[in-house]
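Working notes for the structure below.
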Amino acid sequence: MALTDDIEEFKAKISRIVDNLEEISASSSSIPDTDQKDLSSKFRSLEDELDEVSSQLNKAIDLLEEIRAKYG
Amino acid sequence: MKFSDDIEYLKRIIRNPFKTLEEVDEIASRLDDSCDADEFYSTVTNLIDLCEEAVSNFGCISSQIQEIQRKWGFASVRRLPVKTITDWDKWQRGLQDKLPRKENYNQDLKTLLNTWKGDNWGFFVEQQLFFETWHLEGKMWTKEDIDSPYLPSVITRPKDPRTQDEKNLDQQMLRVTNIEHSKVEYDAVRKKDHLNPSLAKEVAEFKLRETSTRINQAKTQAEDLARESVKQGKPSRITYYFYEQPSDKKVEKILEIYKTASEKHSGARVEVKFLFAEDGDRK
């Protein structure tokens, strides 16, 4: 795989993370309109989504480290 | 600070990683074959640093979410990262697949299996918490104490035998200490040398979904943790380790107990966390 392909793959990962983060942001904006009884599950799902983005970003870091070792 | 202020702050800090990630995208676009080796290396290193900064931002957001839940009385119910634990699949099989078919259960068998299942779950959590940092009952130390034919073979027992002094100390530390004549014990108490200095006391309870409603035990524990919090001017923390995900109703019931104890002892703060391994059989 060429460098440009690796960079494109990395950028695609970042783009997905930004999209997911947008969803988290939108979800946090709807907290004030959430019923009291649903707040626990709302926070739970925010935490799960955040864990997921964090894990995606850690994988992107792994890819950068591979790129650095391969071409640096 | 009002609930709405905390939410506004949360919304603000969620925006923080966007700027960092935009910068990452922009810098990555500049990387191509024309970069010389040094420039390439330093640019990628810079990208890694920026990504790590964003990961750290995620950590802050997560802490704020947990703080809001603690402060405003919502339960933090999370899945244990069991999927990353070596041999978890074997554990799960050991706990579930070796059991007889459910339609063949009678009440006695159900009770017996539930006890074994609870013991197994306790062994597993003991293993995850580590004897080095927690006071634990320590059943796992002696193989002959375990009579469950369903115990998974993946348990890693501590190599060194536990001394009588260590056993005595663990037993003493597991007792609820602030209540006179109480026979209630915790399943785990964080050792003082390993306790986060911002906490007064940290304890853990291991539960199956079915055994979650030991209300009197929870009440005594809540009293103890609230008193310890007031005494030291710091929050106490209890983490419930459920094998099967507790229902919202059960979580609320437990939270109510800690809320009542905290209100009774002015200034007390008790953090209650729930971790679970499996969604559970809802059939």
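Of everything listed in (1) at pLDDT below 75; (2) within 14 Å of chain A (Cβ to nearest Cβ); (3) surrounded by 15 or more Cβ atoms within 10 Å (Cβ to Cβ), the single unmet condition for B:K83 is (3). Being facing chain B (nearest Cβ under 7 Å) and assigned to a helix (DSSP H, G or I) holds for only one residue in A:A69, A:A12, A:A60, and it is A:A60. Which members of the stretch B:180-204 meet the condition of being crowded, with 19+ Cβ neighbours inside 10 Å and part of a loop (DSSP other than H, G, I, E, B)? Hits for the stretch B:180-204 are B:Y186, B:D187, B:A200.
Given the criteria in a helix (DSSP H, G or I), modelled with pLDDT under 85 and not small (G, A, S), does B:E126 qualify?
When the stated conditions are applied, B:E126 does not pass them.
In a residue-by-residue description of the stretch B:205-224, the property of being farther than 18 Å from B:E137 by Cα, of a type in the set (S, T, N, Q), touching a residue at least 24 places away in the same chain (Cβ under 8 Å) and assigned to a loop (DSSP other than H, G, I, E, B) applies to at least one position.
Do the conditions hold for B:K19, that is, is it loosely packed, with under 13 Cβ neighbours inside 10 Å, within 28 Å of B:E256 (Cα to Cα) and out of contact with any Lys or Arg (no Cβ under 9 Å at 6 or more places or on another chain)?
no
Of all residues in the stretch A:13-44, those satisfying the criterion of being over 17 Å from B:E23 (Cβ atoms) and of a type in the set (A, V, I, L, M) are A:I24, A:A26, A:I31, A:L39. From A:S29, A:S54, A:S40, grab the single residue that is surrounded by fewer than 16 Cβ atoms within 10 Å (Cβ to Cβ), at the interface with chain B (Cβ under 7 Å from one of its Cβ atoms) and touching a helix residue (DSSP H, G or I) at 6+ places or on another chain (Cβ under 9 Å). Unique residue meeting the criteria: A:S29. Considering B:R78, B:R93, B:R101, the condition of being surrounded by 15 or more Cβ atoms within 10 Å (Cβ to Cβ), out of contact with any helix residue (DSSP H, G or I) (no Cβ under 6 Å at 6 or more places or on another chain), at pLDDT below 90 and not aliphatic (A, V, I, L, M) is satisfied by B:R78 alone. Annotation: of all residues in the stretch B:225-262 being assigned to a strand (DSSP E or B) and not acidic (D, E), the one that is farthest from the chain's Cα centre (by Cα) is B:S236.
B:V24 satisfies every condition listed in (1) more than 9 Å from chain A (Cβ to nearest Cβ); (2) aliphatic (A, V, I, L, M); (3) over 21 Å from the mean Cα position of the chain (by Cα) except (1). With respect to the stated conditions, B:D193 fails to be more than 20 Å from B:K234 (Cα to Cα) and not polar (S, T, N, Q). If you go through the stretch B:31-47 and keep only what is closer than 21 Å to A:S55 by Cα and crowded, with 18+ Cβ neighbours inside 10 Å, you end up with B:V44, B:L47.
Annotation note: of B:R209, B:R282, B:R214, B:R237, the sole residue that is at pLDDT 90 or above and either out of contact with any helix residue (DSSP H, G or I) (no Cβ under 6 Å at 6 or more places or on another chain) or within 14 Å of another protein chain (Cβ to nearest Cβ) (or both) is B:R237.
Of all residues in the stretch B:229-264, those satisfying the criterion of being surrounded by fewer than 20 Cβ atoms within 10 Å (Cβ to Cβ) and of a type in the set (K, R) are B:K231, B:K234, B:K249, B:K250, B:K253, B:K259, B:K264.
The values are calculated or read from the model by the stated rules, or taken from the named source; none is laboratory data. Since the model is a prediction, treat every value here as computed from it, not as a measurement. Cβ: placed from backbone, ideal geometry, glycine included. Neighbour counts: every protein chain shown.
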